Amino acid sequence: MSATIDQPVIEACDLSVGYKNRPVARHLNFSCHAGQFISLLGPNGAGKTTLLRTLSRHLPPQGGGVRVQGRSLESLSAMELARIMAVVLTDKIAPPLFTVFEFVALGRYPHTDYLGRLGTRDRVAVTSSLAAVHALDLANRPFADLSDGERQKVLMARALAQDPRVLLLDEPTIHLDLKHRVEVMAILRDLCRNKGITVIASLHDVDIAAKVSDRVALIRDGGIVAWDTPETALSRQAVTALYDFDKAEFNRHLGGIELRGAGDRGRAFVVGGMGSGALIYRMLTKKGFTIATGVVHENDLDCFVARSLGAECVAVGPMEPIDNAAVDRAKTLLAACDLVVDCGFPVGPVNEANLALMQAALERGATMLSLRDGLPPGLRVNKGDTPVLFTDAGHLIEALETFQFHRPLPVHGEEVQCIP
Amino acid sequence: MTTSDLCLPDSRPLLLRRPPLVFSLLGLMVLAMLLANMAVGSIPFTPAEIWQALAEPPEASTAGFILWNIRIPRAIAAMFGGAYLAAAGLLLQIYFKNPIVGPYILGISSGATLMVSFVMLTSITVGWTLFTPFLSTLAAFAGAYGVMLIVLAIANRVKGGATLLIVGLMMGYLCGAVSAILTAFAEKDRIKGFVLWQLGSFSGFKWDEIALLLAIGGAILILLYLQSKPLNAFLLGEEYAASMGVDIRRFRLLILLCACALAGMVTSMAGPVAFIGMAVPHMARLSFGTSDNRILIPGACLMGGLVASLCDLIARTVMAPVELPLSAITAFFGAPIVIALLLQRKVKL
Amino acid sequence: MNRSKPHHVLGTLFLLLALLPLAACDRSDRADVDGATGPAFLQVGEFAINRISPERTEVRDGAGRILVLIPREAPIPADCAPSQVIRVPVRRVAAYGYFDIAVLRALGVLEQTLVGVTAPAKRWHLPEIKQGMESGRIVFLGDAASIDYERLKQSRPELVLTWDPSVIPLLDELHIPAVVTTTPTAMCLNTRMRFVQFLAPFFLKEREAAAYFARIEAALDDIRARTAGLHPQPKVMWGDIYEKRVMVEPGNAWVGELVGLAQSDYQFKDVFGTACIEITLERFLYSGRDADIFFTYRTGEMGATSKEALAKLNPLIKDIAPLKRGKVYAPLPHYNQSADRLDEILTEISAILHPEAYPGYRLHYFVELPETEPAAKERS
């Protein structure tokens, strides 16, 4: 962080962006400081790209103004602006017969002479730009032959070669595979940290944005809903409202989005805890089950995931032993469920009560699928009500595929045979 | 970053790199072609006669007359005409990001044709004896630049290259329509000259025209070369170019102005010469192996001069003294090249 | 020239493909003369007439189509398609070219048969046609490149003489018989003389054709006789410059032949190709440096009013010898439509080349250009 927080690099005052007769977003006020990573978040069409294009002067502001390093954007010459600001756009460009080095060297435009000849400084800048995006090995490859991910890195290197103070990126991770997506974001974060460059990027991954950004701007309904640190701005409600989530929910503790299922396959009660349930919840949700779970602790991962997925969750305070009241509530929920899944949680003093819960379920004759090697100690089993045991979640999923909603589960015997 | 010791591209010695090699090769071929165009023609001269004729004033001998008044102007005209058409084609291919665009895509040749058809097919200009010998050249000039002004005015208003492309096409159709109507009403004797003009030829250049061609065209080429840096930036598209510090609005007009001025000048003096402007930039790109306009602008000019000279030489010697239509020869040259390149997908823009 | 069509430039393109057939214009034409009815087999360039029986004559036209001529009342022969059949004598004809019409005139059938032409009234210099168009008997069918087929059909021609093979399919559709009367090669002297014999069977005018042919032969014999042994032999060039491009009559055209025949040198006799062909400027100027006589294609209306005017029109040719010290002749407007007077035209050209052999000859088809622009502009 080499930031002098005093003077903002970019400052918008009552800025309106959009096109003639069609304003997209109005009355925007924000300031961006050196070394900040700023993510613009919002649904498609909210104006992220329009805002970026206005900042890069590809579009004229429809009202208000932008100041760049204290000077108004309009007053800067094209060259001056190019030395301060570089962009990476979504346009697919493939100029023919360019090596990567030559391509990145085009970024030296504002620094070279009138014929664009490269001096030693320029070569060094190009090489270090390529190094900064981990693309030095590509230098002699033809630009047109690059993969999408490699191309994005080279495009960033070109922007870096401009030696900018501000880097504007429009959807830098779109069309990229996971490896490059992660790599690109890491590169951008490093640029902020190491070079003090202000990065402003429109992103569509809230979870990634939350993890790398210094500031996030939530853009919706023709304005900036929030401009703050992601930790403050990205509350569950804020994200749900931003994207009009219906079947999904953002959880800032988990740092990700949980997708809710249709919930029309039936109700499953999951006995989990100590992180054993998170995977099972997601899996059941994906398969279309409605979930109830218990009894878990409030600080347990399972509790966060279950709640994000909209499960009915019986929880007790952190570190407290599970009390009878909680077990009773869980039993009520369990009674309304079509099957019970035992996640194979390790049993200890604080969650012993869950064994009792399972015992009660077995006694009621409920179908129980269990992810354990053997029966947990202390569970008494009547003949015919044996839990079906699975060694891993994959087999459990297969069993669920053929699950029929009759009590008791008719395919018992066959399922058992399936177990290796 | 410690980069000074990194292995950078372009570290080979200057003379072994591809562009200088191709440049010297092309230069030699152009020179050879220039000499061939002076030495070969429908009237055979011995090298000694030619040598002597070059040392004398044109009036001294038949050889001198033919060399100084016919072959040399024609050789120069073909060379520079080809060079200008190639440069104009290169510019417009970059401008429109479209590999199959040529210098006539904006209707320049149609505008010239229209005005020439007025001069040649109607009796409007009968009384203008003052301009008589240059009348159709002047008319073509007016037509080409008239269309250019209209296109520039429109280019100032519309954003996308595609729109401008369509505007150019429509201009072409409009001008073509008027020419066609004039042709329908014209007397057959007049049509003769007009049809000939439409086929294009470097025949009959006068020294005044050569001087104009060299002075104006040369100035534009130098201007263009100085613009090769923004032209390179333009290869990435207008938006990137703008973000790198190119004044897009001014630059767009400049490109169009240069391209139209070059193509318009050649067209007004030689008639429309097909395919050179379209095919040569590709040939230059492939032989130089680069899209760098600092190399391509002079490269395409040399290549254009070479191809045009060669085609002209073929046109006037293969069936000598019968002269074949130049555009037919250039089409034989250009069309297969364009098709082959596009099929191989070697050329993208 | 008679074949001054806008297609002559395309003709140069054909050249690439059509070089071999050009040899057709040598003297290999054959004619087996068969008493009073005329030749039983006659070949004129690519055209041929094959008299199979008194009731049936087969004709090969310029496009290589075989047409069958039968008497008007005879039934259609079983072995040929209706579109091939032409009933003779033909009574109503539409014709494209000036040359076709001149042939009709030479056969003496123009006034009775011609019903349609492709040039408007103001372009005609033949009184028969002017009158015919005034009275409405002859109609203007539209430009040759864009015939008005409704009018063509309405004028009920029994035969269309055309140089444009591309209209044949449509004419077949309209049930109008057509004959293609020219090819790129139908331009040598022999073809032009004999062409009348090719068209004669269509009108049963073989006798008139023979007479016409004899008249021209006589004219040629007269030219040979008058010019034999004359010296010096003038050097002749025939062509013109259009802006910066040069078109000339090649040596294999009838003009070239005639010049040779009249004891003169045709400067372009080594040029080989279709009539009115583009050659290099360099060759034109080179040949012009020692030529004596220059025939221009231009008429007076096209700017050939004086040597001065020609030089001004095209400074490139201002130094050729005929313009400086020789003679320049321009065709008169009716020249193009007077191919039926071939004998007179041949004689006139010969008289121009050798005025000493034709004392007191008055020009009818050409005009000698004065050095400078005449003060008052009054020339026919």
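The values are calculated or read from the model by the stated rules, or taken from the named source; none is laboratory data. Keep in mind it's a predicted model, so treat the numbers as computed, not measured. Note that we place each Cβ from the backbone using ideal geometry, even for glycine, and neighbour counts take in every protein chain shown.
Looking only at segment B:296-331, how many residues end up being crowded, with 21+ Cβ neighbours inside 10 Å and more than 10 Å from chain C (Cβ to nearest Cβ)?
Of the residues in segment B:296-331, the ones crowded, with 21+ Cβ neighbours inside 10 Å are B:296-309, B:311-312, B:315-316, B:319, B:321-327, B:329-330.
If we keep only those that are more than 10 Å from chain C (Cβ to nearest Cβ) too, we end up with B:296-309, B:311-312, B:326-327, B:329-330.
Selection size over segment B:296-331: 20.
Answer yes or no as to whether residue C:275 is within 13 Å of chain B (Cβ to nearest Cβ), under 20 Å from the mean Cα position of the chain (by Cα) and touching a residue at least 60 places away in the same chain (Cβ under 8 Å). Give the steps one after another, and end with the answer.
Details: within 13 Å of chain B (Cβ to nearest Cβ): yes; under 20 Å from the mean Cα position of the chain (by Cα): yes; touching a residue at least 60 places away in the same chain (Cβ under 8 Å): yes.
Yes: the conditions hold for residue C:275.
How about segment A:181-258: which strands (runs of 3 or more DSSP E) wholly inside it have at least 3 residues that are within 16 Å of the chain's Cα centre (by Cα)? Explain how you work it out, then say what you get.
Numbers: elements: A:198-202, A:215-220, A:223-228, A:248-251.
Filter on segment A:181-258 gives A:215-220, A:248-251.
What's the total number of residues in segment A:7-31 that are within 20 Å of residue A:229 (Cα to Cα) and crowded, with 23+ Cβ neighbours inside 10 Å?
So the answer is 4.
Could you check residue A:52 against (1) facing chain B (nearest Cβ under 10 Å); (2) over 28 Å from residue A:141 (Cβ atoms); (3) within 31 Å of the chain's Cα centre (by Cα) and say which number it fails?
Just one mismatch for residue A:52, condition (1).
Pull up segment B:248-291, narrow it to residues that are under 11 Å from the mean Cα position of the chain (by Cα) and on the phi > 0 side of the Ramachandran plot, then point me to the one that is farthest from the other protein chains (Cβ to nearest Cβ).
B:275
Let me confirm something: among C:294, C:268, which residue is buried (at least 24 other Cβ atoms within 10 Å of the Cβ) and more than 8 Å from chain B (Cβ to nearest Cβ)? Before the answer, list the steps.
Working: C:268 fails: more than 8 Å from chain B (Cβ to nearest Cβ).
Going through C:294, C:268 in turn, just one is buried (at least 24 other Cβ atoms within 10 Å of the Cβ) and more than 8 Å from chain B (Cβ to nearest Cβ): C:294.
Of everything in segment A:55-80, what is within 7 Å of another protein chain (Cβ to nearest Cβ) and farther than 27 Å from residue A:21 by Cα? Give them in sequence order. I'd like the intermediate steps shown before the answer.
So in segment A:55-80, the residues within 7 Å of another protein chain (Cβ to nearest Cβ) come out as A:56, A:58, A:78-79.
Hit for segment A:55-80 is A:79, nothing else.
Can you name the residue in segment A:121-147 that is within 9 Å of another protein chain (Cβ to nearest Cβ) and β-branched (Val, Ile, Thr) and, of all such residues, is surrounded by the fewest Cβ atoms within 10 Å (Cβ to Cβ)?
It comes out as A:124.
So which of B:207, B:197 ends up being of a type in the set (Phe, Trp, Tyr), buried (at least 20 other Cβ atoms within 10 Å of the Cβ) and within 14 Å of chain C (Cβ to nearest Cβ)? Before the answer, list the steps.
Values: B:207 fails: buried (at least 20 other Cβ atoms within 10 Å of the Cβ).
None of the other options fit; the residue is B:197.
So which residues in segment C:310-345 are more than 14 Å from every other protein chain (Cβ to nearest Cβ), in a helix (DSSP H, G or I) and within 14 Å of residue C:103 (Cα to Cα)?
C:339, C:340, C:341, C:342, C:343
Filter segment B:225-239 down to residues that are free of Cβ contacts under 8 Å to residues at least 24 places away in the same chain and within 7 Å of another protein chain (Cβ to nearest Cβ) and give me whichever is nearest to residue A:110 (Cα to Cα). Walk me through how you get there before you give the answer.
Step one: filter segment B:225-239 for residues free of Cβ contacts under 8 Å to residues at least 24 places away in the same chain, giving B:226, B:230, B:233, B:236, B:238-239.
Okay, now just the ones that are also within 7 Å of another protein chain (Cβ to nearest Cβ), so B:226, B:233, B:236, B:239.
Values: B:226: 15, B:233: 11, B:236: 15, B:239: 15 Å.
Looking at residues that are free of Cβ contacts under 8 Å to residues at least 24 places away in the same chain and within 7 Å of another protein chain (Cβ to nearest Cβ), I get B:233.
State whether one or more residues within segment A:343-363 are over 25 Å from residue A:303 (Cβ atoms), touching a Leu at 6+ places or on another chain (Cβ under 7 Å) and of a type in the set (A, V, I, L, M, F, W, C). Can you show your working first?
First, the residues of segment A:343-363 that are over 25 Å from residue A:303 (Cβ atoms): A:363.
Remaining after also requiring touching a Leu at 6+ places or on another chain (Cβ under 7 Å): none.
So far as segment A:343-363 goes, no, none of its residues is over 25 Å from residue A:303 (Cβ atoms), touching a Leu at 6+ places or on another chain (Cβ under 7 Å) and of a type in the set (A, V, I, L, M, F, W, C).
When segment B:172-205 is examined, which residues are found to be within 20 Å of residue C:280 (Cβ to Cβ), of a type in the set (Val, Ile, Thr) and in contact (Cβ under 8 Å) with a residue 12 or more places away in the chain? Before you say what the answer is, go through the steps one by one.
Taking segment B:172-205 first, the residues within 20 Å of residue C:280 (Cβ to Cβ) are B:192-193, B:195-205.
Right, trim to of a type in the set (Val, Ile, Thr) and you get B:195.
Matches in segment B:172-205: none.
Has segment A:107-120 got at least one residue that is over 25 Å from residue B:288 (Cα atoms) and either more than 9 Å from chain B (Cβ to nearest Cβ) or modelled with pLDDT of 90 or more (or both)? Full working, then the answer.
Kept after step one, since they are over 25 Å from residue B:288 (Cα atoms), are these residues of segment A:107-120: A:110-111.
When the remaining residues are screened for being either more than 9 Å from chain B (Cβ to nearest Cβ) or modelled with pLDDT of 90 or more (or both), the result is A:110-111.
Among the residues of segment A:107-120, at least one is over 25 Å from residue B:288 (Cα atoms) and either more than 9 Å from chain B (Cβ to nearest Cβ) or modelled with pLDDT of 90 or more (or both), which makes the answer yes.
Look through segment B:55-68, keep the residues that are free of Cβ contacts under 8 Å to residues at least 24 places away in the same chain and at the interface with chain C (Cβ under 8 Å from one of its Cβ atoms), and return whichever of them is nearest to residue C:317 (Cα to Cα).
Within segment B:55-68, the subset free of Cβ contacts under 8 Å to residues at least 24 places away in the same chain is B:55-65, B:68.
Add one more test, that the residue is at the interface with chain C (Cβ under 8 Å from one of its Cβ atoms), and what stays is B:62, B:65.
Working: B:62: 14, B:65: 12 Å.
The residue in question is B:65.
Name the residue, out of C:287, C:350, that is away from every other protein chain (no Cβ under 12 Å), in contact (Cβ under 8 Å) with a residue 24 or more places away in the chain and buried (at least 23 other Cβ atoms within 10 Å of the Cβ). Before the answer, list the steps.
On the way: C:287 fails: away from every other protein chain (no Cβ under 12 Å).
Only one candidate passes the filter, namely C:350.
Here is a yes/no grid of residues against (1) over 24 Å from residue C:195 (Cα atoms); (2) surrounded by fewer than 22 Cβ atoms within 10 Å (Cβ to Cβ); (3) among the small types (Gly, Ala, Ser); (4) more than 11 Å from every other protein chain (Cβ to nearest Cβ):
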site: C:221; (1), (2), (3), (4): no, yes, no, yes
site: C:225; (1), (2), (3), (4): yes, yes, yes, yes
site: C:228; (1), (2), (3), (4): yes, yes, yes, yes
site: C:233; (1), (2), (3), (4): yes, yes, no, yes
site: C:249; (1), (2), (3), (4): no, no, no, yes
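State the number of residues belonging to segment B:121-130 that are closer than 15 Å to residue C:312 by Cβ and either modelled with pLDDT of 75 or more or more than 11 Å from chain C (Cβ to nearest Cβ) (or both). Talk me through it step by step, then tell me what you get.
Narrowing segment B:121-130 to residues closer than 15 Å to residue C:312 by Cβ: B:125-130.
From what's left, either modelled with pLDDT of 75 or more or more than 11 Å from chain C (Cβ to nearest Cβ) (or both): B:125, B:127-128.
Qualifying residue count, segment B:121-130: 3.
Out of C:211, C:218, C:228, I need the residue that is at pLDDT below 90 and farther than 20 Å from residue C:41 by Cβ. Which one?
Working: C:211 fails: at pLDDT below 90; C:218 fails: at pLDDT below 90.
Testing whether each residue is at pLDDT below 90 and farther than 20 Å from residue C:41 by Cβ leaves just C:228.
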